[in-house]
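Novice: The structure follows.
What follows draws every value from the coordinates through simple rules; no lab data is involved. Please read these numbers as outputs of a predicted model, since none were measured by experiment. Cβ sites come from the backbone with ideal geometry, for glycine too, and all protein chains shown count toward neighbours.
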Amino acid sequence: MIKKRILLIGSNGMLGQCVVENLRNRNDIELTLASAEDTSFFDNISYSKLDISNKKEVKKIVLDFYPDYIINVAAYTNVDKCESEKELAWNINVNGVEYLAKYSVPSNAHLIHISTDYVFDGLAGPYSENDLPNPISYYGRSKLAGENVIKKFDIKSTILRTNVLFGPTKFGRPDFVKWVFNSLSENKNIRIVTDQINNPTYIEDLAQAIITICDSEKTGLFNIGGAELLNRFEFTKEIAEYFNLDFNLVEPIITADLNQPAPRPLNSGLINLKAETEINYKPRSLKECFGLIKQFWENNPS
Ligand SMILES: NC(=O)c1ccc[n+]([C@@H]2O[C@H](COP(=O)([O-])OP(=O)(O)OC[C@H]3O[C@@H](n4cnc5c(N)ncnc54)[C@H](OP(=O)(O)O)[C@@H]3O)[C@@H](O)[C@H]2O)c1
C-alpha cells in the first residue's frame, strides 16, 4: 500500500493535538509532526521543531519529507498581542504561510490551511464563503493576508475557516468549556460577554473535516463551524446547565467593558452549508460535544 505522507504543522497546539489523535492510528498514513516547541507531546511519531517564519527551515522540512499533504494549524493566535506584536504576527500568519505554499510547488503537496471568522467585521454574520471579508483587528488582517498569499501559487489548496474552537486536549491550556467548568465548580464569579455571537466549533468536528479534505482532495474555501449559533453568555449557560453548575455566578457584560486591545467581530458565525453539501460535514450538537468532553475528562483526569 502506498501511504499518504502528511506533514502536520502546529501539532502541539489545541487543534493540532486533536488532529494527531485522529491520524495516529491510521495505517494508510505516514505522519510527521512539526511545531514551535523543542519537543513533541507525542512519542513514537517523527517530530521536528520548526519556525514557519524561517524560510530555510520550511524548505528543509518540506523537501526532506516530500509530503502529499501539508496541514497547517500553526498560527500566532493571541488576538490582543497581535496588536502590539504586528511584525511577529505577520511573519507567522502571512510569511510562514507563504513559505509553506512556495515549497508545496516542488513537492506537489496539497496545502490545507486553517483560517478564521476574524477576517470579517462582525456587522452582518453569520457569514458564507461568498461574503466579503473586512477584518477589524490585526490578527484578522494577518489571517486574511495568509489566505490570500496562498492564491499566488499554483498548488492544490484548501482553506477552512472556523470560529471559537473548544474541546479537550491532553496538554496545554484549558479550553473555554474547561475554564467555565473549573471556575463555576470552584464557586468563582466570571464575567461573560453577551454581544459576541458565533457557532462554537468542536475541535474533533474540525479535525474530522480536515481528514475528509485529505481523503476527498477537495480544494477551495470552506466554512467549518459548529451546529448552534449563540452568544458567549448563552454558550456559558449551556455549559452550566449540562454540567449542573451555578449559572448565577456568571455576570453578563458587553465586549466594550473588557477594554481589550483588539476589537472583536460581534455579530459573527459561519454558515456551514457548503461543507455540509460538498464534504458531508455534520457538526455535533453542543450536548453531544459536552457528553464527549465529559467522557474525555473521566478518561484523562488532570
Ligand atoms: N482557537 C480558536 O478559537 C480559533 C478560532 C478560529 C480560527 N482558529 C485558527 O485555528 C488554528 C489552530 O488554532 P489553535 O487554537 O489550535 O491554536 P494554538 O493552540 O495557539 O496552536 C497554535 C500552534 O502553532 C504553533 N506555532 C506558533 N508559531 C509558530 C511558528 N512560528 N512555527 C511553528 N509553529 C508555530 C504554536 O506553538 P507555541 O505554542 O509554541 O506558540 C502552537 O503549537 C489557527 O490557524 C487559528 O488561527 C482558532
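Novice: Nearest 5 percent is fine: what portion of the DSSP beta bridges confined to the chain is antiparallel?
Specialist: Percent antiparallel among DSSP bridges in the chain is about 5.
Novice: Give me a comma-separated list of calculated 3J(HN,Hα) values for the stretch 27-33, in order, Karplus coefficients 6.51, -1.76, 1.60 applied at θ = phi - 60°, integers in Hz, x for any Gly or Pro.
Specialist: Going residue by residue, I get 8, 9, 10, 9, 10, 10, 10 Hz, with x marking Gly and Pro.
Novice: Quick query: amide H of THR158 versus all other amide H atoms, modeled in the peptide plane; which residues come in under 5 Å with a sequence gap of 5 or more or a different chain?
Specialist: Residues meeting the amide H criterion: LEU111, ILE112, HIS113, GLY220.
Novice: Here's something else I'd like to know. Helix 176-185 versus the longest principal axis of the chain: what is the Cα-based angle in degrees, 0 to 90, to the nearest 10?
Specialist: 30
Novice: Report, ordered by chain and residue number, the aspartates and glutamates lying within cross-link reach of LYS294, taken as a straight Cα distance under 15 Å and ignoring same-chain residues fewer than 8 apart.
Specialist: LYS294 reaches ASP175, GLU204, GLU238, GLU241.
Novice: Here's a follow-up. Give, in whole angstrom and from largest to smallest, the semi-axes √(5λ) of the equivalent ellipsoid of the chain, with λ running over the eigenvalues of the Cα gyration tensor. Don't skip to the end; give the middle numbers.
Specialist: Working: eigenvalues 190, 98, 68 Å².
Its equivalent ellipsoid spans semi-axes of 31, 22, 18 Å.
Novice: Name the long-range amide H neighbours of ILE271: under 5 Å, sequence gap of 5 or more, or other chain; modelled H, no Pro or chain starts.
Specialist: Under 5 Å from the amide H of ILE271 lie the amide H atoms of TYR127, SER128, each far enough along the sequence or on another chain.
Novice: Separate question: Which semi-axes, in whole Å and largest first, does the equivalent ellipsoid of the stretch 163-302 have when worked out from the alpha carbon gyration tensor as the square roots of 5 times its eigenvalues?
Specialist: Output for the stretch 163-302: semi-axes of 27, 20, 13 Å.
Novice: Starting with the highest mean, order 21-34, 149-162 by the number of other Cβ atoms within 10 Å, averaged over the residues of each peptide.
Specialist: 149-162, 21-34
Novice: Further question on the same structure: Can you give me the relative contact order of the stretch 216-302 as a percent, contacts being Cα pairs under 8 Å and 6 or more apart?
Specialist: 48
Novice: Which of the lysines could a cross-linker span from LYS60 if the Cα-Cα distance has to be under 25 Å and same-chain partners fewer than 8 positions apart are dropped?
Specialist: Those lysines meeting the cut-off are LYS3, LYS4, LYS49, LYS102, LYS143, LYS151, LYS152, LYS156.
Novice: Something else: Any idea what the dipole of the chain comes to, in debye rounded to 20, about its Cα centre with Lys/Arg Cβ at +1 and Asp/Glu Cβ at -1?
Specialist: 700
Novice: What dipole magnitude, in Debye to the nearest 20, does the stretch 79-155 give about its Cα centre under +1 on Lys/Arg Cβ and -1 on Asp/Glu Cβ?
Specialist: My answer is approximately 260 debye.
Novice: Grab the DSSP H runs of the chain that are 4 residues or longer, score each as -39,500 (n - 2.57), total them, divide by all residues and round the 222 nm result to the nearest 500 deg cm²/dmol.
Specialist: Per the formula, -11000 deg cm²/dmol.
Novice: Which ³J(HN,Hα) values in Hz, rounded to whole numbers, follow from the phi angles of the stretch 34-48 under the Karplus curve 6.51 cos²θ - 1.76 cosθ + 1.60, where θ = phi - 60° and Gly and Pro get x?
Specialist: Per residue, the Karplus-derived 3J(HN,Hα) values read 8, 6, 6, 6, 4, 10, 9, 7, 10, 6, 6, 10, 4, 9, 10 Hz.
Novice: Here's a follow-up. Whole angstrom only: what separates the Cα centroid of the stretch 246-302 from the Cα centroid of the stretch 107-138?
Specialist: Comparing the Cα centres of the stretch 246-302 and the stretch 107-138, I get a distance of 18 Å.
Novice: Treating the beta-carbon of each Lys and Arg as +1 and of each Asp and Glu as -1, no other charges, what is the dipole magnitude of the stretch 39-127 about its Cα centre, to the nearest 20 debye? Can you show the working numbers first?
Specialist: Numbers: 8 positive and 12 negative charges, 80 e Å.
The calculated dipole for the stretch 39-127 is roughly 380 debye.
Novice: How do 250-262, 224-236 rank on mean C-beta neighbours within 10 Å, highest first?
Specialist: With the highest mean Cβ count within 10 Å placed first, the list reads 224-236, 250-262.
Novice: For LYS55, which aspartates and glutamates qualify as cross-link partners when the Cα separation must be under 13 Å and same-chain residues fewer than eight apart are set aside?
Specialist: GLU98
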